[in-house]
Amino acid sequence: MHTTNYYNTFIQVADDCPVDNAEIPPVKKPQSVAQIEYEMLVTNPYKYTSDDVLFTASCGQERVLPATQALRKLRQAQRN
């Protein structure tokens, strides 16, 4: 199984990035993937892995919590 998680890694902005400042994703109904990911990271910093965020956001707003719980159960089973 492939993972998107990084450990003990500093990720910095590329030198050729044209953006000076970050922006909060615009509020939309239904929530966009960017909005779901942003809310997860801002409300719970350092709680979720990259895999958690990508998986949950891809499931959509109505399944955010159940998807995260399912992923955690799968991860726990893989560790044991």
Scope region 1-23; condition surrounded by 10 or more Cβ atoms within 10 Å (Cβ to Cβ) and not polar (S, T, N, Q); matching residues: Tyr6
May I ask you to list the residues in region 29-48 that are within 13 Å of Cys59 (Cα to Cα), surrounded by fewer than 18 Cβ atoms within 10 Å (Cβ to Cβ) and aliphatic (A, V, I, L, M)? Val33, Ala34
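None of the figures in this text is laboratory data; all of them are computed from the coordinates on show. These numbers were taken from a predicted model, which means no experiment stands behind them. Positions of Cβ are generated from backbone atoms using ideal geometry, with glycine treated the same way; all protein chains shown enter the neighbour counts.
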